[in-house]
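Asks: Below you will find the structure I want to go over with you.
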Amino acid sequence: MTYRLKKQVIDILRVLRKKDSEVLATDLVKEMKIDYIVLMSAINDLIEYDLGGFRENDLYKISLTGEGIDYLKNGLPERQLLSFLLENQIKEIGLEELLKRLNLEKKMFYIGISNLKKNRWIAQSKAAGEDKIYLITEEFPLTNLEKFLKKFEKNVIIDYSTLSKKDLTQLGILNKRNLIKKKYKTQRIIFLTEKGKTIDLSKIEVLKQVSKLTSEMLSSGSWRNYELKPFDVVKPGPLLKAGKIHPMNRLINEIREIFLSMGFTEIRGPIIESAFYNFDALFQPQDHPAREMQDTFYLNQPKKAKLPEEDRVQAVKETHENGGDSGSRGWGYNWDINTAKKTVLRTHTTATTIRRLAQYYKENDETPIKVFCIDRVFRNEKVDKSHLAEFTQVEGIVIDENVTLSDLIGLLSEFYRKMGFPKIITRPGFFPYTEPSMEVSVFYDKINEWLEMGGSGIFRPEVTYPWGIKNPTRVLAWGQGLERIAMLYFGRKDIRDFYINPIKWLRSQSY
Ligand code: PHE
């Protein structure tokens, strides 16, 4: 009988025939410079004709951890301790003093002491009121553990199957001390059957490859003599460098969807803002440190901003000076309109939500009002890998009758749940414009940590009264930065990446 095998299978059979023993699949792959998958599929063909086969062999490989390598070089902590005692001819010493004189981490120190005791090289006594140790022998031969550790000098990786029973005991100790790591691997060993070893190679024909079947091949049955060239469905297609939405915009769109799904409407406001909306209307006193040049970009052009109607400006002025009708005593200083007219690059999107309060007043709006703003803000920060001078904030407010802190917590929980954070906590916080104020943290299960997201609160009467928003109508508000979350979402370690745009990263993003 003649055999028809693929060319590759015959090549492999030939190579195997020249060897007189079995071979590791990984070695054969290297030798023949072929793909592992190609090899194994060829072996399957050999199996089909009972010419060859493979066995699997489980392997454990052991190597030292960083700490283990350190001890291999410098000795185990107990040996380091002992050497110090011997070099300095110390036969007894207080524990405290020894710890002070030695250059060892506290944890290592105590591990060392405990093992010196286990080796019966020292004794410990508190008899004189002081915790002391004493050398109690004169010879300190290498311990079995040390001898075993030395094996790693010659072999960085040790094959588990080569270890004796005694070695295994020592291995167990190293493992408990976190000094080794194990790697598990399955090896495949390839062999030929008797038939494979002896079959007359001239009886094996090359199976021709075709990439198309014809009707003639089907009707005559000659298709049996061909091998169909397989389609490689996992082979990557050509790289498509088409335009796509920037990851930041994708994230913004997702957050936008969340707000929309909760019945919010989007608002936007000017980037060049008056100090009035950015600070004064938020009841931030005119000498508040956040207003200073170090934090805020002031503009020369335009130099002066337009303020709202005079009576509203007056109402804000009064809240600062004496509390106006808000029930507050205000800050008690002379409010200066020129300071309020200064132009700034908006430092937070809260300026924009305040504009919405102004609109509420002007248009005599009806509650409830639920709006959000996702937009660019500016702060005079030194730019580094976790700070930007120009970044994005996400902010939402609800104006409604009888809303309370519970409503705010409910909203925050729902908002962050939709963002993928089902666990949140709120803690008391401080902002000049909210009372009470809360810091919001969410639990990020990918890194098992609580992360601070941003601020929230109920706008103070000093903020809402000038716009006719009075008990029982209140404003719930919250806001946060976007880039920090983006770093987590996209696993970027440098916040500047979102604007520097590393092309490789952008290309790897989905459409
Ligand atoms: N404006 C605050 C900030 O920039 C966030 C905040 C918004 C706090 C709304 C309370 C209410 O960090």
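Asks: Could you work out how far the C-alpha centroid of segment 347-376 sits from that of segment 227-259, in angstrom?
Replies: Centre-to-centre (Cα) distance: 37 Å.
Asks: Give me the distance in nm between label points sitting 7 Å out from Cα along the Cα-to-Cβ direction at Lys91 and Asp407, one decimal.
Replies: With each label placed 7 Å out from Cα toward Cβ, I get 8.3 nm.
Asks: Which order do Ser215, Ser386 fall in if you start with the one that has the fewest other Cβ atoms within 10 Å? Spell out each step's value before the answer.
Replies: On the way: Ser215 7, Ser386 13.
Listed from fewest to most nearby Cβ atoms, that is Ser215, Ser386.
Asks: Percent of alpha carbon pairs in segment 297-353 separated by more than 17 Å?
Replies: Details: 787 of 1596 pairs.
For segment 297-353, the fraction of Cα-Cα distances above 17 Å is 49 percent.
Asks: So for the pair Arg4, Thr265, with labels modelled 7 Å out along Cα→Cβ, what separation do we get in nm?
Replies: It is 7.5 nm.
Asks: Then there's this: Would you kindly state how much longer the chain becomes between Lys30 and Lys212 on full extension, computed as 0.36 nm times their sequence separation minus their alpha carbon distance, in nm to one decimal? Walk me through the intermediate numbers first.
Replies: Numbers: separation 182, 0.36 × 182 = 65.52 nm, distance 3.20 nm.
62.3 nm is the gain from fully extending Lys30 to Lys212.
Asks: Expressed as a rounded percentage, what relative contact order does segment 306-379 have, with Cα pairs under 8 Å and six or more residues apart? Before the final figure, lay out the partial values.
Replies: Details: 56 pairs, mean separation 16.5, N = 74.
Relative CO of segment 306-379 lands at 22 percent.
Asks: Let me know the whole percent of all Cα-Cα pairs from segment 1-131 that are separated by more than 17 Å. Each step should come with its number before you reach the end.
Replies: On the way: 6004 of 8515 pairs.
For segment 1-131, the share of Cα pairs beyond 17 Å comes to 71 percent.
Asks: Separate question: With respect to the cross-link table entries Lys342/Lys470; Lys423/Lys446; Lys19/Lys195; Lys19/Lys203, which display a Cα-Cα separation exceeding 18 Å? Display every interim value, and only then the final one.
Replies: Values: Lys342/Lys470 28 Å; Lys423/Lys446 13 Å; Lys19/Lys195 15 Å; Lys19/Lys203 20 Å.
From the list (Lys342/Lys470; Lys423/Lys446; Lys19/Lys195; Lys19/Lys203), the Cα-Cα distance tops 18 Å for Lys342/Lys470; Lys19/Lys203.
Asks: Non-local amide H neighbours of Ser437 (under 5 Å, H modeled in plane, Pro and chain starts lacking H): which ones?
Replies: Answer set, sorted by chain and number: Gly429.
Asks: Please identify which residues in segment 29-73 have an amide N closer than 15 Å to a label point set 7 Å out from the Cα of Lys181, following the Cα→Cβ vector.
Replies: Residues 61-70 qualify, since their backbone N sits under 15 Å from the label point.
Asks: Over 18 Å, how big is the tail of the calculated P(r) for segment 76-198, in percent of all Cα pairs?
Replies: Values: 4678 of 7503 pairs.
Result: 62 percent of Cα pairs exceed 18 Å.
Asks: Still on this structure, please answer the following. With axes computed from alpha carbons, what is the tilt in degrees of helix 77-87 against the longest principal axis of the chain, rounded to the nearest 10 within 0 to 90?
Replies: Between the helix axis and the principal axis of the chain, the angle is about 90 degrees.
Asks: Which of the three applies to segment 225-345, rounded, prolate or oblate, going by the alpha-carbon gyration tensor with a ≥ b ≥ c and a/c under 1.5 meaning rounded? Mind showing how you got there, number by number?
Replies: On the way: a/c = 4.47, a/b = 3.12, b/c = 1.43.
Prolate.
Asks: Another one. When the helix-only estimate is applied to the chain (DSSP H runs of n ≥ 4, each -39,500 (n - 2.57), divided by the residue count), what is the mean residue ellipticity at 222 nm, nearest 500 deg cm²/dmol? Numbers along the way, then the final one.
Replies: Values: 21 runs with 193 residues, N = 511.
It comes out at -10500 deg cm²/dmol, rounded to the nearest 500.
Asks: Once you have the Kirkwood Rh of segment 415-487 from its Cα pairs, apply Stokes-Einstein at 20 °C and 1.002 mPa s and quote D in µm²/s. Intermediate values should be presented prior to the final figure.
Replies: Numbers: Rh = 13.5 Å.
Translational diffusion coefficient: 159 µm²/s.
Asks: Moving on to the next point. Output the pairs from Lys106/Lys126; Lys73/Lys107; Lys106/Lys181; Lys106/Lys385; Lys33/Lys73; Lys154/Lys182 with a Cα-Cα distance over 27 Å in this structure; if there are none, say none. Mind showing how you got there, number by number?
Replies: Numbers: Lys106/Lys126 20 Å; Lys73/Lys107 19 Å; Lys106/Lys181 24 Å; Lys106/Lys385 34 Å; Lys33/Lys73 38 Å; Lys154/Lys182 18 Å.
Lys106/Lys385; Lys33/Lys73, as the Cα separations exceed 27 Å there.
Asks: Another one. Within segment 437-476, which residues have the backbone N less than 18 Å from the label spot 7 Å out from Gln359 along Cα→beta-carbon, could you tell me?
Replies: 464, 467-469, 475-476
Asks: Helix 36-48 sits at what angle to the longest principal axis of the chain, using alpha carbons and giving 0 to 90 degrees rounded to 10?
Replies: The angle comes out near 40 degrees.
Asks: Taking only the alpha-carbon positions of the chain and ignoring solvent, what does the Debye formula give for the base-10 log of I(q)/I(0) at q = 0.12 Å⁻¹?
Replies: -1.04
Asks: Give me Phe279, Phe421 sorted ascending by neighbouring Cβ count inside 10 Å, so fewest comes first. If you can, show how the numbers build up before the last one.
Replies: Working: Phe279 28, Phe421 19.
Sorted ascending by nearby Cβ count, the order is Phe421, Phe279.
Asks: Per q in 0.11, 0.12 Å⁻¹, report the Debye log10 I(q)/I(0) for segment 160-240, using one uniform scatterer on each alpha carbon and no solvent.
Replies: -0.73, -0.76
Asks: Now, a different point. Project the alpha carbons of segment 199-286 onto their principal axes and report the range along each, largest first, in whole Å.
Replies: 98, 29, 24
Asks: Round to the nearest 0.05 the FRET efficiency obtained for His288 and Glu309 when R0 = 35 Å and r is the Cβ-Cβ distance. Kindly include the intermediate steps, with their values, before the conclusion.
Replies: Numbers: r = 24 Å, r/R0 = 0.70.
Plugging the Cβ-Cβ distance into 1/(1 + (r/R0)^6) gives 0.90.
Asks: Can you order the peptides 301-310, 259-268 by their average number of other Cβ atoms within 10 Å per residue, highest first? The partial results should precede the final answer.
Replies: On the way: 301-310: 12.3, 259-268: 14.1.
Packing order, densest peptide first, comes out as 259-268, 301-310.
Asks: Please report Ile500, Ile245, Ile133 as a ranked list, fewest other C-beta atoms within 10 angstrom at the top and most at the bottom.
Replies: Working: Ile500 10, Ile245 13, Ile133 22.
Ordered from fewest to most neighbouring Cβ atoms within 10 Å, Ile500, Ile245, Ile133 come out as Ile500, Ile245, Ile133.
Read-outs: derived from the displayed coordinates by stated rules, not from any lab. As the structure is a prediction and not an experimental result, all values here were calculated from the model. Positions of Cβ are generated from backbone atoms using ideal geometry, with glycine treated the same way; all protein chains shown enter the neighbour counts.
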